[in-house]
Amino acid sequence: MDTARDERLRVFLVDDHAMFRAGVRAELGAYVDVIGEASTVSQAVSAIGASNPDVVLLDVHMPDGGGRAVLDLVRRTHPQIKFLALSVSDAAEDVIGLIRAGARGYVTKTISPEDLASAIRRVADGDAVFSPRLAGFVLDAFAARPDAPVADPELDQLTNREREVLRLLARGYAYKEIAKELYISIKTVETHVSNVLRKLQMSNRYELSRWAADRRLV
């Protein structure tokens, strides 16, 4: 017997509609333990960090940055937590954006309770899961335009020079080497790094390197 599989998964639900959260909680109760829920980004980040669930069911469109903001903030400190987007949206920018940010799957809210429970289990086991129609769409999008730009609010706030500095920093360059590579002073490099840390709300170059690697900037 696979005891790990027999254990009930601990799931956290993030959605800004109370009635929808109540419905999901009731429908999933036979399959998983819904250990918490949140309706805002700040509530979600705090509660997810405290409860450390196996899987987070994440709505895409909410105030203050939506599901993408929750995913980005939680993954900085709890990279082991898996995310499954659960949304009414099947727009390209939503699907591809969440997957590139680190979500392990994306399903629409028309999914049945049984299929949602199965998707949660598969995501927890490390699989990538999509609603049937979205699976072909995602494959086509990556195959046809693997380097197609996707809206990234955090990245978009950086200047071109800040992105250059970030890319070299993530590759392991020292400040002196970055200055030489870009023909700028070490002091200017330090200023750019400080600006990037401030804009991305991070505290050190190691967090920046991981952030850049996640977005394939290196």
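Below are the figures for this structure:
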{"read-out": "Length gained when the stretch ALA30-ALA50 is fully extended (0.36 nm per residue, less Cα-Cα span)", "value": "4.8 nm"}
{"read-out": "Long-range HN-HN contacts of VAL34 with modeled amide H, under 5 Å", "value": "VAL11"}
{"read-out": "Difference of contour (0.36 nm per residue) and Cα-Cα distance, TYR206 to GLU181", "value": "7.0 nm"}
{"read-out": "HN-Hα J in Hz across the range 169-175 - Karplus 6.51, -1.76, 1.60, θ = phi - 60°, x for Gly and Pro", "value": "4, 5, 7, x, 5, 7, 4"}
{"read-out": "Sites ARG171 and GLN80 - FRET efficiency at Förster radius 22 Å, r taken between beta-carbons, to 0.05", "value": "0.30"}
{"read-out": "Extension gain (nm, one decimal) between HIS61 and GLN157, 0.36 nm per residue minus Cα-Cα", "value": "32.5 nm"}
{"read-out": "Inter-probe distance in nm under a simple model that places probes 7 Å from Cα toward Cβ, at THR40 and GLU114", "value": "4.0 nm"}
{"read-out": "Cβ crowding within 10 Å averaged over residues, with 23-30, 114-121 ranked highest first", "value": "114-121, 23-30"}
{"read-out": "Ranked by how many other beta carbons lie within 10 Å on average, peptides 75-82, 165-172 from highest", "value": "165-172, 75-82"}
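Where a number appears in this text, it was derived from the coordinates with a stated rule and is not lab data. Being a predicted model, the structure only gives us computed values, none of them experimental. Glycine also receives a Cβ, built like all others from the backbone with ideal geometry; neighbour counts cover every protein chain displayed.
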